[in-house]
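What follows draws every value from the coordinates through simple rules; no lab data is involved. Quantities reported herein were computed from a predicted structural model and do not represent experimental measurements. Cβ: placed from backbone, ideal geometry, glycine included. Neighbour counts: every protein chain shown.
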């Protein structure tokens, strides 16, 4: 199982069916949210909307409630009546519980608590897990904190550590990593900076909460023409070389060539 969606994943409350199609049209994939975006007394109706929906299942992710809850059981029973088979598991913490999820479902493990981040390596190792995502606000709340960001808008060290740990855990197992949402919709500059860093660091996608963020993320993940030209040229030059060689005044070895291949892979996506 592989995660092959585009870079911009847009959350949509599952109790707002009138937004489903538009959200999917605007983004690379839609995350229909049955957890935090839906009030407890609206979850039953939201599940009914999911059953009645007719979206392309290949581009749909459904965020379900934590596995320790009755809501999770109801969520999976609902999804069994649909063609949606890719779920995002809120507050994933227990590899044992995650490993026992119905094998029909591909799981994106959302590491958004202290325990979840600490278990990222084991979660990524599970066969039914196709990707890891991290979440900042729930993580800090699980630690008794009050904010994942400093007054200047930058992540606190604990959030940066969690982000890196989840990325490394996913990469070590050949799984995709998804970067957290940016809550300040108006702050496109910081979103651009963080999405650009995510793409350069190896994240496969960034989740977002508003349609206006989609193009910002896509642009950040899209290699610029100069970088694409460099990647093609250095790979062509490597065809006639053995081992380390010099290209355009820079030493080139296998890690550099892997960087170039990653650039072209992002361009194709």
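Stokes-Einstein, applied to the Kirkwood radius of the range 1-135 over Cα pairs at a viscosity of 1.002 mPa s and 20 °C, places its translational diffusion at 146 µm² s⁻¹. Placing one equal scatterer on every Cα of the range 91-140 and applying the Debye formula, the log10 ratio I(q)/I(0) at q = 0.27, 0.33 Å⁻¹ is -0.96, -1.29. Which of 155, 221, 247 moves most in a GNM of the chain, Cα contacts under 10 Å? Fluctuation is largest for 247. Springs between alpha-carbon atoms under 10 Å, Gaussian network over the chain: tell me which of 63, 85, 156 tops the mean-square fluctuations. Sorting by GNM fluctuation, first place goes to 156. Average projected area of the Cα convex hull of the range 40-110, in nm²? Mean projected area for the range 40-110: 4.5 nm², to one decimal. Name the residues of the range 80-123 whose amide N is less than 17 Å from a point 7 angstrom out from the Cα of residue 141 along the C-beta direction? Under cut-off, by backbone N: 89-93, 110-117. Taking label points 7 Å from Cα along the Cα-to-Cβ direction, residue 184 and residue 51 give a separation of 4.3 nm. At full extension, residue 74 and residue 158 could sit 26.9 nm farther apart than now, given 0.36 nm per residue minus the alpha carbon distance. Debye-formula intensities of the range 225-268, expressed as log10 I(q)/I(0) at q = 0.18, 0.26, 0.31 Å⁻¹, are -0.46, -0.92, -1.21 (one equal scatterer per alpha-carbon, no solvent). Note on the range 81-190: Cα Rg divided by 2.2 N^0.38 Å, N the number of residues, gives 1.10. Any chance you could check the Cα centroid distance between the range 68-92 and the range 99-140 for me, in angstrom? Computed from Cα coordinates, the inter-centre distance equals 14 Å. Annotation: Cα Rg of the chain relative to the compact-globule expectation 2.2 N^0.38 Å equals 1.06.
Taken along its principal axes, the alpha carbon cloud of the range 67-106 reaches lengths of 26, 19, 14 Å, longest axis first.
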